[in-house]
1. Which values of log₁₀ I(q)/I(0), to two decimal places, follow from the Debye formula for the chain at q = 0.19 Å⁻¹ with a uniform point scatterer at every Cα?
2. What residues have an amide H closer than 5 Å to that of Ala62, excluding those fewer than 5 places away on the same chain, when H is modeled at 1.01 Å from N in the peptide plane?
3. Which whole-Hz couplings ³J(HN,Hα) result when phi for each residue of the range 67-79 is put into the Karplus expression 6.51 cos²θ - 1.76 cosθ + 1.60, θ = phi - 60°, listed in order with x for Gly and Pro?
4. Could you give each residue of the range 44-55 its phi-based ³J(HN,Hα) in whole Hz, using Karplus coefficients 6.51, -1.76, 1.60 with θ = phi - 60°, and x for Gly or Pro?
5. May I ask you to derive the relative contact order of the chain, considering only C-alpha pairs under 8 Å and at least 6 residues apart, and to give it as an integer percent?
6. Determine the dipole magnitude for the range 12-82: charges of +1 sit on the beta-carbon of Lys and Arg, -1 on that of Asp and Glu, nothing else is charged, the reference point is the Cα centre, and the result goes in debye to the nearest 20.
7. So, counting K/R as plus one and D/E as minus one, what does the shell of residues with Cβ under 13 Å around Gly52 add up to?
8. Choose one of Thr22, Thr12, Ala62: the residue whose Cα lies farthest towards the positive end of the charge dipole of the chain (beta-carbon charges +1 Lys, Arg; -1 Asp, Glu; about the Cα centre).
Amino acid sequence: MAKPNKKDPSRTVDIFCAKCKTQLFKYRKGGKGALIKCFKERIVEDYTKALGTCPECSQVFARDTLVRGAPALKMVGGKVTFK
């Protein structure tokens, strides 16, 4: 299977909880589509205490998984927004 791109994308987005609007990550996102997964190696800053759980409202927004052989967070639909 194909690995994620070696060169990180230059565009950084802020990822927020959809319920309480708390910032969760700063992430290097490639492309212009929806946020479906976050490769852990591309997370620049992590504001969460437990991986995949919002620190404010304790809502689970992602699951730990492997995507193309790389560790990633698979986002639950509608639980996060990004700018």
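Each value in this text was obtained by applying a stated rule to the coordinates, not by laboratory testing. What you are looking at is a predicted structure, and each value in this text was computed from that prediction instead of being measured. Every residue, glycine as well, gets a Cβ built from its backbone with ideal geometry; the counts of neighbours run over all protein chains shown.
1. Normalising to I(0) and taking log10 leaves -0.79.
2. Val76
3. 10, 6, x, 10, x, 8, 10, 8, 6, 7, x, x, 8
4. Values, residue by residue: 7, 10, 10, 9, 8, 8, 10, 4, x, 10, 5, x Hz.
5. Numbers: 155 pairs, mean separation 27.3, N = 83.
Reported as a whole number, the value is 33 percent.
6. Values: 14 positive and 6 negative charges, 54 e Å.
Charge dipole, the range 12-82, about its Cα centre: 260 debye, nearest 20.
7. Working: positive: Lys37, Lys40, Lys49, Arg63, Lys74, Lys79; negative: Asp46, Asp64.
Around Gly52, the charge tally is +4.
8. Comparing the listed Cα positions along the dipole, Thr12 ranks first.
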